[in-house]
Each structure stands twice: as structure tokens, then as C-alpha cells.
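**Q** Right, I'll just put the structure down here and ask away after.
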Amino acid sequence: MSVQSIDRAFDIIELLSKEPRSIAMTEIGRRLDLHKSTVHRLLSSLRERGYVEQESDTGNYKLGLGFVELASLYLNNLELKTEASPFLNQLTKLTGQTSFLAIMDAQEIVYIDKVESYNSLRRYTIIGKRRPMHATSLGKAMLSGMTDKEIEDLYLERKLTVLTKKTISTFDDLMAEIRQVRARGWAKDDQENEKGTRCVGAPIFDYRDRVIAAVSLAWDINTHPDKIWDDYAKHVVKCSMDISAKMGCPQGRIRQLAG
């Protein structure tokens, strides 16, 4: 799509957003001084993506639910970052290690926030970056909130990208580890995403009792080679529990996380 077409598509979107009623295609063309064929082509593309709807009785057009979904995702992530921020800071302060917050997108995690300690020897420029779900404690924590069928559907081709010698390489091994994560309430990354780095992650639940994100703690094995996993895990789980409570997680789930 050309830049001009993109501009015209946004012109249509902005016009529809300002109208309290639906508008006929000819009216859209007249107001924006666009040819009928151009309006039809752009409306068809927008309708296919759910950003525009056509009324069955009048044939007129209005904004679709696609924009509501986009806005909801944005606002949810904004709320999540806002609510999680003090708990990430507390987690880093307690442990002296870097904490991370991430969400899921298909088979990948997306980092949306981090808090580093002042004396950290390493600086992570990672916000917005993606990593494979199966190779991170954050990803495995989020996968633990899905059903086996949902995970199977997510990995239809059963192919897992290998990043280090320790990365889980088979789907069966991944499922076995996910079952362990569900049982203990937290996930580990033992140099599976990056050599020399270990992480502990735990899922974050929302008001629907669904996993929407995860929090993790990362440390360098050269500075903490003998650190016991459980020591950091209890802090990470507490952090995830506190954030989940702020996101409206049911009390039953909170008690389960605490226990």
C-alpha cells in the first residue's frame, strides 16, 4: 500500500470516528473528495481487518471492533506497567538483580518493562524486544497458564528454536517442563536463552483468572554461581502475586499462589 493510500485510509478512519452515525460510501467519497473505486478499495481492506463494519440493512459504514480491541490491549498493557512498576522496583531492591515484565505474542515474549539495580555491571537494552517462549522463564511461566491443547495449537509444527546448548529442543521436553512449572508455580531459565544468565519467572493473572503476563528475575552465574533457585523464586512469586492482585485476580488464585 502506498503512502498516499495509507493517508487516505486514515482520512476515512478519522471521518468515521467523528460521526455519531454510519455513513454511506458515496458520502465518504464526497466529503474526502475521493473517487468511488478508491473508497471502495480502502473500505474493503479496513473491513477485512475488522477496523470498519458495514451495516447489513443500510450498507453504510462505521468503525469496527478492531479499534476497540487495539485500544483495550494498549490500555491493559499501560495499566499493567503502571501497577507492576512499584513491585518490580521492590523485587530488584530486595534481590539486587534485574527484574523484567513481559507479555506474550504468538510463540514469543515481548519485554515491556525492566528495573535494574544501581550496582548492576550489565545494562539490558531490551524493552520491546522479543524472545522465544520456550527458551525463557517468562515464556514458560505464561505457557503454564494455557491448556495442553492451547500449547499444542501454538506449536503445530513442533519446531523449537535452539539458542544455546541448554535450550529445550523438543516439544515433549517443553510439555514436561511446563507441567513442572504448573506444579511449583514458577519457571526457570538455566542459560537457555543466553549463556551465562539464569532467570526465574512467574505468571501474572488478571480479573478473569487468565495469565496475561509474567515477571522474572535475571542474574549472571559468574557473580552468583551458587545461588539457590528457591531463594529468588519466592521473591518472584510474591511479586507476581502482588501484581496479579492489582490486576483484579480472584482471591482463590491469590491464595493458591501464596500457598
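The values are calculated or read from the model by the stated rules, or taken from the named source; none is laboratory data. Bear in mind that the values here come from a model prediction, so they are computed numbers and not experimental data. Ideal geometry is used to build each Cβ from the backbone, glycine not excepted, and the neighbour counts take in all protein chains shown. The area values use the complete protein model at the heavy-atom level, side chains included, leaving out ligands, DNA and RNA. Shrake-Rupley method; radii C 1.70, N 1.55, O 1.52, S 1.80 Å.
**Q** For region 13-44, how many residues are within 30 Å of the chain's Cα centre (by Cα), surrounded by 14 or more Cβ atoms within 10 Å (Cβ to Cβ) and modelled with pLDDT under 90?
**A** The qualifying residues number 2.
**Q** Still on this structure, I have one more. Cβ-Cβ under 7 Å, sequence separation 6+ or interchain: first residue in region 182-208 and modelled with pLDDT of 95 or more, partner open to solvent by 20 Å² or more (accessible area, probe 1.4 Å) and of a type in the set (Asp, Glu). Which pairs?
**A** Between residues of region 182-208 that are modelled with pLDDT of 95 or more and residues that are open to solvent by 20 Å² or more (accessible area, probe 1.4 Å) and of a type in the set (Asp, Glu), there is no close pair.
**Q** Another one. Within region 184-196, is there a residue that is open to solvent by 40 Å² or more (accessible area, probe 1.4 Å) and over 22 Å from SER99 (Cα atoms)?
**A** Checked region 184-196: no residue is open to solvent by 40 Å² or more (accessible area, probe 1.4 Å) and over 22 Å from SER99 (Cα atoms).
**Q** Right, another one. Restricting attention to region 1-12, report how many residues are among the polar types (S, T, N, Q) and exposed (fewer than 10 other Cβ atoms within 10 Å of the Cβ).
**A** 2
**Q** How many of the residues making up region 116-141 are at pLDDT 95 or above and of a type in the set (A, V, I, L, M, F, W, C)?
**A** Residues meeting the conditions: 4.
**Q** Of all residues in region 132-183, which are open to solvent by 30 Å² or more (accessible area, probe 1.4 Å), closer than 19 Å to TYR111 by Cβ and among the aliphatic types (A, V, I, L, M)?
**A** LEU163
**Q** Same structure, new question: Scan region 197-222 for residues that are surrounded by fewer than 13 Cβ atoms within 10 Å (Cβ to Cβ) and over 29 Å from GLU83 (Cα atoms) and report the count.
**A** 1
**Q** Quick one: ASP230 ticks every box in (1) assigned to a helix (DSSP H, G or I); (2) modelled with pLDDT of 95 or more except a single one, so which number is it?
**A** (2)
**Q** Of the residues that make up region 244-252, is at least one in contact with a Lys or Arg (Cβ under 8 Å, 6 or more places away or on another chain) and open to solvent by less than 80 Å² (accessible area, probe 1.4 Å)?
**A** The answer is yes; a qualifying residue exists.
**Q** Now for a different question. Exactly one condition in (1) over 21 Å from MET146 (Cα atoms); (2) not in a strand (DSSP E or B) is not met by ARG198; state its number.
**A** Of (1) over 21 Å from MET146 (Cα atoms); (2) not in a strand (DSSP E or B), only one is false for ARG198: (2).
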